[in-house]
Each structure stands twice: as C-alpha cells, then as structure tokens.
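No value in this document is a laboratory result; all are computed from the given coordinates. Because the structure is predicted, anything quoted here is derived from the model rather than measured. All Cβ positions, even for glycine, are placed from backbone atoms using ideal geometry, and neighbour counts span all protein chains on display.
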Amino acid sequence: MPTTMMTKKLKIGFTLIELLVVISIIGILIALSGFGLQGARKSARDARRKADIEQMRSALELYKSDCGDYPPNSSFGGGSSLTGDGTPSTTCPVTNVYMASRPDDPVSPQIYRYNQLTSTTYEICAALENSGGNVPCAGANPGICSGSGSIACNYRVTNP
C-alpha cells in the first residue's frame, strides 16, 4: 500500500510534452489572428484614403464657389495648403484658407494625385489596397500614385 501512495504523489502535474503541445497551439492561434488583422488594417487605410479624398473634394468645391474655377495642379501639391488666389479679390482673397494642409497617403511612398483637367473639371486618384484593377488618371503622370512611379492608381474621384 505504501508504494501506491508514492506513485500517486509523483503523477501530479503536467508532462513536458503536454505543455509543449499547449504552447504550440497557442502560437498557431496567435499567428492566425495576426493574418486576420492584416486585412482589417488594409481596410482601415482604404477608409482613411476615401475620407481624405472627400475632404479634398469639399475644399476644392469651396474654392470653386469663391474663385470661379478649380486650382491648377501646382497650387495644390502634396502637403501644401489650398488658399485663395486673389482673383477676384473680393470673393477669393489670398487670406482664404480652404485646406490648411493637403493630407498624405497613410503608406509613405504613395500619394493622392490631383489633376485639374479643365477650369471646371478635376480628378483625384489614389491607390487602394483592397481593390483590384487600374483606373488611370488623365492628367500629369497618368495612372501613377507614388513618388517612385511604381504604384498604379485604382480609385478615382472626379468633380460632381
């Protein structure tokens, strides 16, 4: 009888193999959840891109209502502000700020491409991560949405 009591006391706890199996299962679950979060991050960046473009669109429409036309490409470059051009000076003074700073794409080399097509039309192009196909821009550097020239645009917004 004393030997049975000794063996019962020694069998309390987990074996090394049981612990390794549990740790590996936890590792696999963490890895799978990490891949699932990548899609959510891409969707969040795409939502921010669309919101930034809508913000740019609103600023451009306010500019047009005051100034009579859309700004030229050079007036609304990356990171710059959108201010009045002074013509006519009563409704479009240079002190009017329509957008304090043009937003940048969430991914560093990518950019939002603004093109004034005519004095009354424009387009804004971007590269979404969860969208297939290309939607080429018609203006300068058509279809390119990166400073390095390697990322194609696949989302385009034109004036209403």
Please list, in order, the residues from the range 78-122 whose amide nitrogen is less than 13 Å from a point placed 7 Å along the Cα→Cβ vector of residue 57. 122
Separation of the residue 101 and residue 15 label points, Cα + 7 Å toward Cβ, nm: 6.1 nm
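Determine, from the Cβ-Cβ distance of residue 31 and residue 131 and an R0 of 30 Å, the FRET efficiency 1/(1 + (r/R0)^6), rounded to the nearest 0.05.
Values: r = 27 Å, r/R0 = 0.89.
Once the sixth-power term is evaluated, E becomes 0.65.
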Would you calculate the separation in nanometres between label points at residue 44 and residue 91, each defined as 7 Å from the Cα along the Cα-to-beta-carbon direction? 4.3 nm
Residue 23 paired with residue 69, simple spin-label distance in nm, labels 7 Å along Cα-to-beta-carbon: 7.1 nm
